[in-house]
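So the structure is just underneath, and the comments pick up after that.
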Amino acid sequence: MAEPASVAAESLAGSRARAARTVLGQVVLPGEELLLPEQEDAEGPGGAVERPLSLNARACSRVRVVCGPGLRRCGDRLLVTKCGRLRHKEPGSGSGGGVYWVDSQQKRYVPVKGDHVIGIVTAKSGDIFKVDVGGSEPASLSYLSFEGATKRNRPNVGDLIYGQFVVANKDMEPEMVCIDSCGRANGMGVIGQDGLLFKVTLGLIRKLLAPDCEIIQEVGKLYPLEIVFGMNGRIWVKAKTIQQTLILANILEACEHMTSDQRKQIFSRLAES
Amino acid sequence: MEEETHTDAKIRAENGTGSSPRGPGCSLRHFACEQNLLSRPDGSASFLQGVAEKSRERLIRNTCEAVVLGTLHPRTSITVVLQVVSDAGSLLACCLNAACMALVDAGVPMRALFCGVACALDSDGTLVLDPTSKQEKARAVLTFALDSVERKLLMSSTKGLYSDTELQQCLAAAQAASQHVFRFYRESLQRRYSKS
């Protein structure tokens, strides 16, 4: 039977907030609190340290830190709400303290403004299409938000659409468009015939879309192909024959669980055959 | 013609006529059945056996609701489906742990993790943590749900006879034991993220 005093000490130890800098790259769990850099000096070894009140306006330099996915502001600290690895990005042009976020693996997509996604048109109602993007509600897409929209070239029910969200928050129905702010398609719009659409986890999509991803370069050397990545976990791929398309789909789905050596072996075996 | 049949039955089996595995002369629990609930499918039925299942569902749901950040997902329902593979005692505690891991795996935003710990009190006052099915036939069985931030009590479900001091002792023991569960959570989640 445990003594109440030692239990209290151990339980408090588990809830002590850690500095965000020391936890970068490690796995964090929901419920942990993180301290931002300028607060570490105030904490000190004993906990409550008295600081002389400074009348100089410049002394209290508050850095503006952006709280990304998986983190929430809780008073002065950051509260972790999802399990994953903590990441940090330095600010590009000197303003603010950068972005902190949690890299988590999940299958379910939640619409975010600005994300490019692949959707399936499910219904036409009035002036808008209803597009299934894998979230909790279907997104709405207006007839006019395509480049060169006319009565003739419109998507039909069942078509695949690549577009981006202009409105996506928890209170409203998400809205997407297939043109950018200049009015040009920029690669968005109806995705062509044939090809295969399949679903992967969101973490894999982010890995594949990272700037220096080797997987896509290796896949491109294997067969000529067309490929579209949606941030909602959907990938559309099309190669010359159905067999090649299926091979590519299987490789991309399996990439999640393979190490890079296993992947290189499989690619070399396919290149020979 | 569509009809709704509502059957409410309490059956007493005597001298081996019943098919229950508990033996002759026992009584089955109260059960209720509703048919043709849904209009779309060709047939549907709902069967409720025993009130214990409903209360266990309610306990798990209330614990999850206390921890999940529901304000980030308005107008959304989160369904947790728990399937019992084998019951070797401490079933409610095991269900709570499974529900917590499933919510983390799904990426549902939570304000803390939670775990379930069960303990049994013997007739001479000895405390057994995580009792097996045989040990659960003790004087009292207490199950607690604790959160990971400050080991606060989220839910308690108790059955049997116990005194006030015994309750405090069980709670303290459960709080100490919850550390092991949370350490196991951390290790298994670290192992999962180390593969990528």
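No value in this document is a laboratory result; all are computed from the given coordinates. What you see is a predicted model; the values in this text were computed from it and never measured. FYI the Cβ positions are ideal-geometry reconstructions off the backbone, even for glycines, and counts take in every protein chain you see.
Descriptive notes on the structure:
- A:A19 long-range amide H proximity, modeled H, under 5 Å: A:L35
- Measuring max minus min along each principal axis, the C-alpha atoms of region B:54-183 give extents of 50, 31, 25 Å (largest first).
- Debye intensity ratio I(q)/I(0), log10, region B:92-157, q values 0.27 Å⁻¹ (C-alpha model): -1.11
- Alpha carbon convex hull of region B:124-192, volume per residue in cubic angstrom: 102 Å³
- 3J(HN,Hα) along region A:185-201: 5, 6, x, 8, x, 6, 8, x, 6, 6, x, 9, 9, 9, 10, 9, 6 Hz, from the Karplus curve 6.51 cos²θ - 1.76 cosθ + 1.60 with θ = phi - 60°, whole Hz, x for Gly and Pro.
- Note on A:117-124: average number of Cβ atoms from other chains within 10 Å of each residue's Cβ is 0.
- Among B:F184, B:S133, B:G116 - extreme Cα towards positive end, dipole of region B:115-196, charges at beta-carbon: B:F184
- Shape of region A:194-236, Cα gyration tensor, a/c cut at 1.5: oblate
- Relative contact order of region B:62-156, pairs being alpha-carbon contacts under 8 Å that are 6 or more residues apart, as %: 28 percent
- Cα-centre dipole for region A:158-217 with unit charges at Cβ (Lys and Arg positive, Asp and Glu negative), debye to 20: 160 debye
- For region A:190-273, the gyration tensor built on C-alpha atoms gives an oblate shape. Its axis ratio a/c (a ≥ b ≥ c) is at least 1.5, and a/b is not larger than b/c.
- Between region A:95-165 and region B:133-149, the alpha-carbon centres lie 48 Å apart.
- Given A:K170/B:K152; A:K238/B:K195; B:K137/B:K159; A:K107/A:K207, the pairs whose alpha carbons are separated by over 22 Å: A:K170/B:K152; A:K238/B:K195
- Using a Förster distance of 41 Å, the FRET efficiency for A:Q243-B:A102 (Cβ separation, nearest 0.05): 0.65
- Seen through its C-alpha gyration tensor, with square-root eigenvalues sorted a ≥ b ≥ c, region A:133-273 comes out prolate because a/c lies at 1.5 or above while a/b is bigger than b/c.
- Footprinting exposure proxy for A:E33, B:E187, B:E150 (fewest neighbouring C-beta atoms within 10 Å first): B:E187, B:E150, A:E33
- Put a plus charge on the Cβ of each Lys and Arg, a minus charge on the Cβ of each Asp and Glu, and nothing anywhere else: the dipole of region A:103-228 about its Cα centre is then about 220 debye.
- Rounded to whole numbers, the Karplus 3J(HN,Hα) couplings from phi for region B:156-161 are 9, 10, 10, 9, x, 10 Hz, using 6.51 cos²θ - 1.76 cosθ + 1.60 with θ = phi - 60°, and x at Gly and Pro.
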